[in-house]
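Q: Take this structure, written in structure tokens, and hold onto it; I'll ask about it next.
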Amino acid sequence: MKSNRVLLIVDVQKAFEDEKWGERNNHQAEANIRKLLDAWRANGDCVIYIQHRSDDPASVFYHGQEGYEIKNIVKPQAEDVIFTKKVNSAFIGTNLENYLHENNLSEVVITGLTTPHCVSTTTRMSGNLGFNTYLISDATAAYGLKDHDGRYHDPELVHMFTLATLHEEFATILKTEELLQTFDLVSER
């Protein structure tokens, strides 16, 4: 029997392999997402992919280019649900919220790329919409960023501060193994 939980995989696309992004933290994020994905599939639970789609041919997320594709390590299967979005939140311009309600999916586990952008925006909205939201800290990653004054902040700092702004206000922040234990799931990898 299916549970009320869903694994949300946000923007794990080949576009993030482009050099333009610069330095990244947590190079194990995709492997940890895969571990969660295997456990979800073994349990028969719902998996939803969020795929960023740009209509700009110059974008690395343009739907006609390789960057638009979901990375092979977490490739969707036929039964998986995919929502495409054009903004940071997976809830805006998609049927995600209705789908979760219609399928009684009240526990949302969020993974993906990148921590300070689409992952955090989706996490904030999930929490605000009343879903019991979990963000998996080692199943997401960040790139270094320059702030409004031109100061560079390394990816680990960006990642950790983003998680700190979300913890206990919008979501419960856990690591992959902690979540598997919380939900009493066993990964096959």
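Q: Quote the accessible area belonging to Lys146 in square angstrom, nearest 10, computed with a 1.4 Å probe and with ligands, DNA and RNA left uncounted.
A: Roughly 150 Å² of Lys146 is accessible to a 1.4 Å probe.
Q: If I model a spin label as a point 7 Å beyond the Cα along the Cα-Cβ vector, how far apart are those points for Thr84 and Glu66 in nm?
A: About 2.0 nm, to one decimal.
Q: Please work out the average accessible area per residue across the chain, using the 1.4 Å probe convention, and give it in Å². Let's see the in-between values first.
A: Working: 9200 Å² over 189 residues.
It amounts to 49 Å² per residue over the chain.
Q: From zero outward in steps of 5 Å, how is the percent of C-alpha pairs of the chain spread across the bins?
A: Going out from 0 Å in 5 Å bins, the chain shows 1, 8, 17, 22, 22, 17, 9, 3, 1, 0, 0 percent.
Q: Hey, with R₀ at 22 Å, roughly what FRET efficiency would Lys75 and Glu156 work out to, going by the Cβ-Cβ distance, to 0.05? Don't skip to the end; give the middle numbers.
A: Values: r = 28 Å, r/R0 = 1.27.
That pair, Lys75 with Glu156, gives E of 0.20.
Q: Once you keep just the Cα pairs under 8 angstrom separated by 6 or more residues, what percentage relative contact order results for the chain? Mind dumping the intermediate values first?
A: Values: 379 pairs, mean separation 52.1, N = 189.
Taking the mean separation of contacting Cα pairs over the length of the chain, I get 28 percent.
Q: Rounded to the nearest 10 degrees, what's the angle between the helix 155-166 long axis and the longest principal axis of the chain, both from Cα atoms, 0 to 90?
A: 50 degrees
Q: Mind listing P(r) for the range 89-189? All alpha-carbon pairs, 10 Å bins, whole percents.
A: Once binned at 10 Å, the Cα pair distances of the range 89-189 give 15, 43, 31, 9, 2.
Q: Next up: Modelled label-to-label distance, Glu168 and Asn128, 7 Å Cα→beta-carbon offset: nm?
A: Output for this residue pair reads 2.2 nm.
Q: Oh, and also: Return the Rg/Rh value of the range 1-98, two decimal places, where both radii are evaluated on C-alpha atoms and Rh is the Kirkwood radius.
A: Across the range 1-98, the Cα-based Rg/Rh ratio is 0.98.
Q: Further, regarding this structure: What Kirkwood hydrodynamic radius do you get for the range 50-140 when you take the inverse of the mean 1/r over all pairs of distinct Cα atoms, in Å? The partial results should precede the final answer.
A: Working: mean 1/r = 0.0715 Å⁻¹.
Taking the inverse mean of 1/r over all distinct Cα pairs, the range 50-140 comes out at 14.0 Å.
Q: Let me know the number of lysine pairs in the chain closer than 24 Å at the Cα, not counting same-chain pairs under 8 apart.
A: Here the count comes out as 25.
Q: Please give the helix 29-43 orientation as an angle from the longest Cα principal axis of the chain, in degrees from 0 to 90, rounded to the nearest 10.
A: Approximately 20 degrees, to the nearest ten.
Q: Please state the charge dipole magnitude for the chain, taken about the Cα centre, from unit charges on C-beta atoms (+1 on K and R, -1 on D and E), reported in debye and rounded to the nearest 20.
A: Numbers: 18 positive and 28 negative charges, 42 e Å.
Charge dipole of the chain: 200 debye, to the nearest 20.
Q: Charges at C-beta only: +1 for Lys and Arg, -1 for Asp and Glu. How large is the resulting dipole of the range 62-142 about its Cα centre, in Debye rounded to 20? Numbers along the way, then the final one.
A: Working: 5 positive and 8 negative charges, 55 e Å.
For the range 62-142, the charge dipole is close to 260 debye.
Q: Residue by residue through the range 168-182, which ³J(HN,Hα) values in whole Hz follow from phi under the Karplus form 6.51 cos²θ - 1.76 cosθ + 1.60 (θ = phi - 60°), with glycine and proline marked x?
A: The phi angles translate into 6, 10, 10, 7, 8, 8, 9, 8, 3, 5, 5, 5, 4, 5, 4 Hz.
The values are calculated or read from the model by the stated rules, or taken from the named source; none is laboratory data. Worth saying up front: this structure is predicted, and the values here are computed from it rather than measured. Using ideal geometry, Cβ is built from the backbone for each residue, glycine included, and neighbour counts are taken over all protein chains shown. Calculation scope for accessible area: heavy atoms of the full protein, side chains included, ligands and nucleic acids excluded. Shrake-Rupley method; radii C 1.70, N 1.55, O 1.52, S 1.80 Å.
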